[in-house]
Amino acid sequence: MLGVSDVARATAFYMELGCPLSPASVEGEVSFFNTAGGLLALWDKDEMAKDSGIAIGTGMRTSLAINLESREAVDVAFDEVARAGGTIVKPPVATEWGGYSGYFADLDGHLWEVAHNPFWPIGDDERPALPRA
């Protein structure tokens, strides 16, 4: 759950990005979005600060991530973010690990990474398939 300053404004932003609003939402009070599920990742905060270009002292503690099927899909997502009023923090670039990634902030400053990882194919459930041991 993300804390936001204006539920209606934030809801419109995420809907503009293509997130389907659930009828379980209470207008103006709480919005729920149907997603294909999520994955949890833990990463060194110094490395996340270096990767995002945001200093740790600025309050940056978390980054949510969206993994997409191609570099082109990442570029499209950043176009949608810009049109919806989000802030491009770091435009997508090729990464040293072979992927393609960038960062944006939503209307309340929540940091999101949008990435294509060629080593994590997107499955039928629309989630990245992580390698298993």
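Outside any loop (DSSP other than H, G, I, E, B), at pLDDT 85 or above, touching a helix residue (DSSP H, G or I) at 6+ places or on another chain (Cβ under 6 Å) and surrounded by 12 or more Cβ atoms within 10 Å (Cβ to Cβ) - does that describe any residue in segment 7-20?
As a first pass, look at segment 7-20 and keep what is outside any loop (DSSP other than H, G, I, E, B): 7-16.
Filter again for at pLDDT 85 or above, leaving 7-16.
This time we only want the ones that are touching a helix residue (DSSP H, G or I) at 6+ places or on another chain (Cβ under 6 Å), so: 13, 16.
Add one more test, that the residue is surrounded by 12 or more Cβ atoms within 10 Å (Cβ to Cβ), and what stays is 13, 16.
So far as segment 7-20 goes, yes, one or more of its residues are outside any loop (DSSP other than H, G, I, E, B), at pLDDT 85 or above, touching a helix residue (DSSP H, G or I) at 6+ places or on another chain (Cβ under 6 Å) and surrounded by 12 or more Cβ atoms within 10 Å (Cβ to Cβ).
Can you tell me how many residues in segment 34-68 are at pLDDT 80 or above and within 14 Å of the chain's Cα centre (by Cα)? Residues meeting the conditions: 7.
On the given criteria, is Val114 at pLDDT 90 or above and open to solvent by less than 50 Å² (accessible area, probe 1.4 Å)? Judged against the criteria, Val114 is a match.
Inspect all residues belonging to segment 118-125 and state whether any of them is open to solvent by less than 60 Å² (accessible area, probe 1.4 Å) and within 29 Å of Val7 (Cβ to Cβ). No, the conditions are met nowhere in segment 118-125. The set of residues in segment 62-107 being open to solvent by less than 50 Å² (accessible area, probe 1.4 Å), on the phi < 0 side of the Ramachandran plot and assigned to a loop (DSSP other than H, G, I, E, B) consists of Ser63, Leu68, Ser70, Gly86, Thr95, Gly99, Asp106, Leu107.
Give the residue, chosen from Val30, Val4, that is closer than 19 Å to Ala84 by Cβ, open to solvent by less than 60 Å² (accessible area, probe 1.4 Å) and modelled with pLDDT under 90. Give the steps one after another, and end with the answer.
Working: Val30 fails: closer than 19 Å to Ala84 by Cβ.
From the options Val30, Val4, the qualifying one is Val4.
The values are calculated or read from the model by the stated rules, or taken from the named source; none is laboratory data. Bear in mind that the values here come from a model prediction, so they are computed numbers and not experimental data. All Cβ positions, glycine included, derive from the backbone under ideal geometry; neighbour counts span all protein chains shown. We work out accessible area using only protein heavy atoms, side chains counted, and drop any ligands, DNA or RNA first. Shrake-Rupley method; radii C 1.70, N 1.55, O 1.52, S 1.80 Å.
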